[in-house]
Structures are given as structure tokens and as C-alpha cells.
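The structure appears right after this line, and notes come after that.
The values are calculated or read from the model by the stated rules, or taken from the named source; none is laboratory data. This structure is a prediction, so every number in the text was calculated from the model and none was measured. When we count neighbours, we look across all protein chains shown, and the Cβ atoms used for this are built from the backbone with ideal geometry, even at glycine. These area figures cover heavy atoms from the full protein model, side chains too; ligands, DNA and RNA do not enter into them. Shrake-Rupley method; radii C 1.70, N 1.55, O 1.52, S 1.80 Å.
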Amino acid sequence: FLVFHDAKTGRTYTLDGREKAPASAGPDRFLKPDGTPMGFANAVPGGYSVGVPGTVALLAEAHKRWGKLPWATLFAPAIRLADEGIVVSERLNRFSGSFQSMLVASPAAARIFLDANGKPWPIGHVLKQPELAATLRMLAADGPDAFYKGPIGAEISKAVANAFRNPTALTAQDLAAYRVGDRPPLCRPYRQWKICAMGPPSSGGIAVLQIMMQLERFDLAKLGPKSLTAQHLFAESQRLAYADREAFGADADFVQVPVEGLLEPAYIRARSALIRPDAAMAEARAGTPRGMKTANRAPLIDIPSTSHIVSADAAGNVATYTSTIEGPFGSGLVAAGFLLNNELTDFDMAPVRDGNPAPNRVQPGKRPRSSMSPVIVYDAKGKPVAAFGAAGGATIIAQVAKALIARLDWGLPVEEAVALPQVIADRSGLRYEAGTFLAEMAPGFTALGHQNVRGGTLPLKGG
């Protein structure tokens, strides 16, 4: 997802490069022969989880609209790194070990990320990727058509069809039909600022705006970041937003997503009224925004392996961009030297919930719900003053909201706002960043009624 401020026009644009389900993917994609949903660990590896990639199309569209340098020039640094090699970091070594069994099962991935004995490359090893370099050269020379209508796309189709697990079809027609979504930005006021975010299929933009708007009636500036009350209020607002996200987040091209209802002032006031400074809600349920009758509860699964970048130039243009292949090694499949995503596991595994079709069920051509939440903040004169985003699966929402509060309410510089210790609260409980001042608040969180209070490290997947 790209949120872009165009200094020439003063407009905010949001481009949607989210993956799409291929024509072969129906609501039963992740059902076992007995009709029950596959386990997440069995759904990720191989062909079923691969969506039609959108990154190349999004970047090509952004370059066509706002690019300054020649397209081919932009590939030179990446080609050099692929040719000359990157130094294996502690993180790559650790992740290769954690996903070693999947990499071993995928011969093409094993040839890249494991040594001749099937072990992760050691820290400090120089990893060269000549096949990736060749692919990048082809993209540089021939543009996105090489990917969506040419030899790179053919390699993607071949990899999915011959997958080491769950082989299926992702065809030339699926690739050629991919289009970038040009979405209207979601912009809402917060105090004296305006925050612009990404709409569906991102659930993140709505949720971040809800968290902020639900907190607007509280004097967060007076409380400050090291206040137990402030962190408690932040956690409670998260719980409400995450509950709505689970119930309503989906691709609005396929199902009704009550965007306006979820953000209308009356609904926000009603949700905010559920937040008490002196006690946690016993349960945070999804609301009933205008036009909706029922709320389904969706799973909380999200594998964090995402990149976010923010860039601003001297002319005043601002880009905030989040990209991901989902898991650290995606589906484990490799085509033309690069990993294929496992984005389709962002759909609900079960197509029916509580007797109703799940809004985020798999459908051909549909984009799975995402938590990615790039945002731009504007002042009262319409000038961009901050831009944020994050990595970390569903925790992205809480991380972006925290950075916004830290910058706008607590006046912290951007670097400190991003680095401020993190609280994340959803129906799994309250997690805080261990080894920080938040750890001292743990007994206070419990006393306020928060459940399953535990510490962890970002992205705070567990205790």
C-alpha cells in the first residue's frame, strides 16, 4: 500500500498493490476433505497460499505518475547486491533456522538460503543471488510486462503448479488481469490535524483512525506517555478497534465494508463511551455500525514479515509505503530467483462464521484483508507534517497509532515516537514491550482488569 502526498496538486493518493486470489481459489481453498479448515502451518507452505503479486505493478504505476529517474536506473543498487552478495545477518540466519524444514522441502529455496548440508548460511556469509540479478535486469529492461505477461510470470505459474506442497493453478490469465487499485484516501480530523490512511482491503487504516478518534475526548497530552492511565486508555481503544477489524475487515470490492459507519462521529462517540479510565472492559465486542446487522469474529493470525519506508523530498512530496510477502519466506516457493508470497492465508480459513458467509472468505480475484497502515498527517493548513507505518502483522495497527499519539499528543520527535515502548491489546490479552518502563505498569494493568498481561519483544507475538 502506498499513501502519497503530491506537492504539486496538494492531493493525497492511495495506491493498492495488494495481492489477489487467482481464479482457482474459491471459498473452499483451505478446507480439508472433511470440510474443516486446514491448520495455518499446513496452509502456508506451497501453492495454495500464493496470491497474484501486486508489488511490481504498484511500483510501476507510482513511477509513471511521480517518478523522476529512468525506470532502469532504479534497479542498479539491487542488481549489484544480488550479483556481489549480501552479508548474512543474525536475523536472516535465525529466521532460516526457524523455517529450516520448509526451506528443506522447497529445493529452489534451499539452494538460496541453505548450505550444501541443508543448514542455514552462517552469520557473515556473503550470499549471492545470480538468478535474482537476472530477473531484476529483465524488469529493468522490459518493465512490468516481463512480470505480468512475460517469462517471469511464466516462472511464477510453473512454480505454483509444481509446488512441493498444495500445488494449484496461478495462470498467465491471472497475472495479465492484475490491476493496481486507485483507492480514495481515508482522511479524518484528529484534534488540530488531519490523518490520511489507506482504505479497504486494508483494515489498518480504519482501525488506526478509530483508535485515535475514540481517544480524542481524553487529555492524553496532560497524562503523558509514562502514565498508567494513558497506556490503559490506549489499550482499551485498541481492543474496540481490533474487534471491529475482525468483524468487518475485508475487500470492499467483494463485500460490504461499512467504512463510513465505522468512522462516523456518532458511532465513534458510542464506542469511546465504553472506555473507562478506571477499569478495563470485561469484553470488547464488535459494534453495529450503520447499515450492518451482524458481526462475525475472524481469527487473529498474522505472520509478521513486512517492510515499511517513508520518504520526503525537497519539493514537498511524501511517500509512505508498506510491502510484504507475509511470512519471512512467504510460501517457500521460489520463481525466477525470488520468493513467492503466502498472502492468501490472510483470508479466513473457514468460509462461514456464525452461520454467515465470512466477509474475509476466499473468492477468485479478491484481495485478502491486511493490517498494513501507512499514514500521512497534515496540519491545519494542509501541509504534511509526519508520516508513519510499521511492520509486524496485526500489531502494525497498534504501532502506528502509538507513534501518532507520541508525536501529536506528546510532542516527541519522530525517532522517539517510533521507538517509544509499545502496548498491544486485543482479545488475546494485553502485551507490553519487555525491558521498558511498561514492565513496571504490569501490576497496574492487571489491577485495572486487563487479562493475560504479559511482556514480549516486538512484534509482541507472544509472552
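The lone criterion from (1) open to solvent by less than 10 Å² (accessible area, probe 1.4 Å); (2) assigned to a strand (DSSP E or B) left unmet by VAL385 is number (1).
Scanning the stretch 346-379 for residues that are over 24 Å from SER311 (Cβ atoms) and open to solvent by 30 Å² or more (accessible area, probe 1.4 Å) turns up VAL352, ARG353, ASP354, GLY355, ASN356, PRO357, ARG361, GLN363, PRO364. Within the stretch 107-131, residues that are at positive phi reach partners that are of a type in the set (A, V, I, L, M, F, W, C) and surrounded by 12 or more Cβ atoms within 10 Å (Cβ to Cβ) with beta carbons closer than 7 Å, at six or more positions or on different chains, in the pairs GLY118/VAL104; GLY118/ALA110; GLY124/VAL88. Checking the stated criteria, HIS63 turns out not to satisfy the condition of being crowded, with 16+ Cβ neighbours inside 10 Å, within 17 Å of PRO184 (Cβ to Cβ) and modelled with pLDDT of 95 or more.
Within the stretch 78-95, being part of a helix (DSSP H, G or I) and either free of Cβ contacts under 8 Å to residues at least 60 places away in the same chain or aliphatic (A, V, I, L, M) (or both) holds for ALA78, ILE79, ARG80, LEU81, ALA82, ASP83, GLU84, GLU90, ARG91, LEU92, ASN93, ARG94.
When we screen VAL56, VAL3, VAL87 for residues that are of a type in the set (Val, Ile, Thr) and either open to solvent by 70 Å² or more (accessible area, probe 1.4 Å) or within 18 Å of PRO167 (Cβ to Cβ) (or both), the only hit is VAL87. Only one of the numbered conditions (1) over 19 Å from the mean Cα position of the chain (by Cα); (2) farther than 21 Å from ALA252 by Cα is violated by VAL44, and that is (1).
Starting from residues that are touching a helix residue (DSSP H, G or I) at 6+ places or on another chain (Cβ under 9 Å), under 16 Å from TYR48 (Cβ atoms) and assigned to a helix (DSSP H, G or I), keep the ones in the stretch 145-166 and report whichever is least open to solvent (accessible area, probe 1.4 Å). Per the stated criteria, the residue is ILE156. Only one entry of PHE437, PHE445, PHE388 meets the criterion of being over 25 Å from ILE376 (Cβ atoms), aromatic (Phe, Trp, Tyr), at pLDDT 95 or above and touching a His at 6+ places or on another chain (Cβ under 9 Å), and that entry is PHE445. Of all residues in the stretch 6-43, those that are assigned to a loop (DSSP other than H, G, I, E, B), open to solvent by 10 Å² or more (accessible area, probe 1.4 Å) and within 16 Å of ASN166 (Cα to Cα) total 10. Among the residues of the stretch 215-236, are any open to solvent by 10 Å² or more (accessible area, probe 1.4 Å), assigned to a loop (DSSP other than H, G, I, E, B), in contact with a helix residue (DSSP H, G or I) (Cβ under 9 Å, 6 or more places away or on another chain) and β-branched (Val, Ile, Thr)? There is no residue in the stretch 215-236 that is open to solvent by 10 Å² or more (accessible area, probe 1.4 Å), assigned to a loop (DSSP other than H, G, I, E, B), in contact with a helix residue (DSSP H, G or I) (Cβ under 9 Å, 6 or more places away or on another chain) and β-branched (Val, Ile, Thr). Looking only at residues of the stretch 93-122 that are of a type in the set (A, V, I, L, M) and open to solvent by 40 Å² or more (accessible area, probe 1.4 Å), we find that the one that is farthest from VAL334 (Cα to Cα) is ALA116. Considering the conditions (1) open to solvent by less than 10 Å² (accessible area, probe 1.4 Å); (2) closer than 25 Å to PHE248 by Cα; (3) not in a loop (DSSP other than H, G, I, E, B), ALA417 is excluded by exactly one of them, (2).
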